[in-house]
Amino acid sequence: MGTIYAFMVGVDAYPPHIATPLSGCLNDVRAAGELVAERGGDAVEARTLTDGEATVTAVEEGISGFLGAAGPGDTALFWFSGHGSERVATGAELLVEATGRNQALVCVDGPLSDKRLGVLLDRVAGRGAQVVAVLDCCYSGGATREDRAPADLTARHAPARPDWPRARGTAPTEDAARHLLLAASRLDQLSYEGWFDGRRHGIFTHALLGAARAAGPAATYRQLLAAADARVRRSGGRQQPVLFPETAETADLPFLAGAGGVPGDHLLRCGPEGWEVDCGTAHGLRGGADAGGTEFGVIGEARVVRTRVVRADRSLVEPVDWTPDPGRAYPVTLTALASPPATVSIEGDDERLRAAVTSQATPLLHVVERPEEFGDLHFRVAAVGGAVEVLGRDGTRFVEPLRPGPRSAVRDGSASSAAAPYDGRGVVDCLTHLTRWHRLRDLTSRPSVLDNQVRVEIAPWGGGAPLVPDGRGEIVCAYGPDGEPPLVSVRLDNRSQRPLWCVLLDLTDSYASDPALFPGHFIGPGRSGHALDGEPVRLALPQSRAAGSGAEARDWLKLIVAEGELNTVPFRMRAWSPWAGGAAEDVLRFGTASDGRDLGPAVPGPSSRWSTSTVTVRTVVP
């Protein structure tokens, strides 16, 4: 383990012309410092600024200088407890602030914008260190929502003052290293402090430190945030902690470079209604009478939980013959479904192929014998000329024939496996991938009050009327006469009178899915969110597909709208490739990458209402 550089900032004694005083922030940074010292021992280098020391200049210099000394193998931790603030965004700021608001930390002498803070932290990350920011202040996840707190709670919110400067600093470049954020609340929520065992603390800080001590050194950041969120909601649920970004490269790293935990797409934790898993009907699970047959297994342990109620954003579950620790979050994976979402028939009398497929158990597939047993999504699998074909009902190929020999050799590292007639695992991997992709593409909600509240608008880059679907219901975009792919803008318009959380998935005909276009964000009432933060979206054929006359590719842009955040990890899938470890074509065919915000918040919201819509885009070469 390298050095842990911990820069702790807490402000209680705000001058009256800046903000109202607080009383739990110094307790926060002291308690956080104690935990860091316990975990890191002699490997910890710490610096603390409190009250009058915590000026904007001192905080910026502390990040650039003190944390900037961290390098590869080190951890740089920035902890801030104090007021947060927001102000109305204007002009070009609206391209990256779909809520219409800018957020800032409030230092003892004024604001430090979230954009400026992000640039400073990302510069440290660019030197190779793992950079983590913990922000316990209002709007730390990112407009304001009026809220009356009980008398024993104090909101960490300072109204913006007219003389405060606008945000400065530029956004990171596309390939810049990014810091990991653990925030006390969504970007449109207040954060609070209250009494805990006779002392004032931030509710989020108290929950996060308690979760860290309960979990031990093996916990990942994702697991700690999930456990802290459950503790916050059990205490009243007035704020919703956020993890950002949720990519495995950062979120599944061990907390403060600890022993390392087991990553998982879903997490089991104890919420205000009992045990829950952050996966629901918005991720393709069946609800209603079909909910009871869905099970999740704890990764690395012989433990199972069974669903009792499936909602849009999460499933309420019951442990089967065991008692989980309510202070922990457990990584889980789907192990059983009420009804298999895809059926498979083995064509012909090749018993080797049948045995190879049926021996690989998965809850996503069910091998059937008779046509009357075929499901809505059905695969015909046949051995043809030494390869395996995966066909639709009408004989159309889903993918190119699978030639499993080299794939097995790569998987096992043995020469003998390359001569094996069939790799059952490889065939089932393909079928499972196709099943997951089709479930996402065909995902629809029941009639909802959120239907048609957010509209996806695609227009030519540089101006022009929005594009409309043709007779087949597809928006057609053509390459130019010079062979250049078309450029478009993609905008999400919230036509409702309330903020709505949106994610825009790109599902490609290479069987990939990625939320990078609009990776999960609240859009304010009457406002717009812009894909890729307003950058042009370049539609292009995959590199594996020659851009000759008549060539084309399809993308299904699926919009998911909800009243609260959804776990977006299950929405990400790489393009299908038969080669284990091989170079698949890009997950996203859009040439302009996002700014690194790969995924939205990890924490599900309290609402069960959600809606979907899909826009099909066909890119053609005349």
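The values are calculated or read from the model by the stated rules, or taken from the named source; none is laboratory data. Values in this document were obtained by computation on a predicted structure and should not be read as measured data. Reconstructed Cβ throughout: ideal geometry from the backbone, glycine too, with neighbour counts over all protein chains shown. All accessible areas refer to the heavy atoms of the entire protein, side chains included, with ligands and DNA or RNA removed. Shrake-Rupley method; radii C 1.70, N 1.55, O 1.52, S 1.80 Å.
Going by what's in this entry, would Ala387 be described as over 34 Å from the mean Cα position of the chain (by Cα) and of a type in the set (A, V, I, L, M)?
Details: over 34 Å from the mean Cα position of the chain (by Cα): yes; of a type in the set (A, V, I, L, M): yes.
Yes; evaluated as a whole, the condition is true for this residue.
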Boolean, Thr568 is polar (S, T, N, Q), at pLDDT 90 or above and farther than 20 Å from Gln189 by Cα: no
Condition met for Thr323 (over 22 Å from Arg222 (Cα atoms), hydroxyl-bearing (Ser, Thr, Tyr) and modelled with pLDDT of 90 or more): no
Test for Glu60: is it at pLDDT 95 or above, out of contact with any Ser or Thr (no Cβ under 8 Å at 6 or more places or on another chain) and over 17 Å from Leu117 (Cα atoms): no
Residue tally, condition open to solvent by 60 Å² or more (accessible area, probe 1.4 Å) and either at pLDDT below 65 or farther than 13 Å from Arg572 by Cβ (or both), over segment 254-269: 3
Search result, residues across segment 351-375 that are part of a loop (DSSP other than H, G, I, E, B), touching a helix residue (DSSP H, G or I) at 6+ places or on another chain (Cβ under 9 Å) and not small (Gly, Ala, Ser): Gln360, Thr362, Leu364
Pair list, Cβ under 7 Å, 6 or more apart: segment 39-53 residue small (Gly, Ala, Ser), other residue open to solvent by 60 Å² or more (accessible area, probe 1.4 Å): Ala43/Met1
Criterion: open to solvent by 20 Å² or more (accessible area, probe 1.4 Å) and acidic (Asp, Glu) - qualifying residue of Asp506, Asp514, Asp493, Asp482: Asp482
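Being touching a strand residue (DSSP E or B) at 6+ places or on another chain (Cβ under 8 Å) and part of a loop (DSSP other than H, G, I, E, B) is the filter here, so list the residues in segment 482-509 that pass it.
Applying the first criterion (touching a strand residue (DSSP E or B) at 6+ places or on another chain (Cβ under 8 Å)) to segment 482-509 yields 485-496, 499-509.
Pro485, Pro486, Arg495, Ser496, Pro499, Asp509, listed by residue number.
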1 or more residues surrounded by fewer than 20 Cβ atoms within 10 Å (Cβ to Cβ): qualifying strands (runs of 3 or more DSSP E) within segment 175-236: 192-196, 199-202
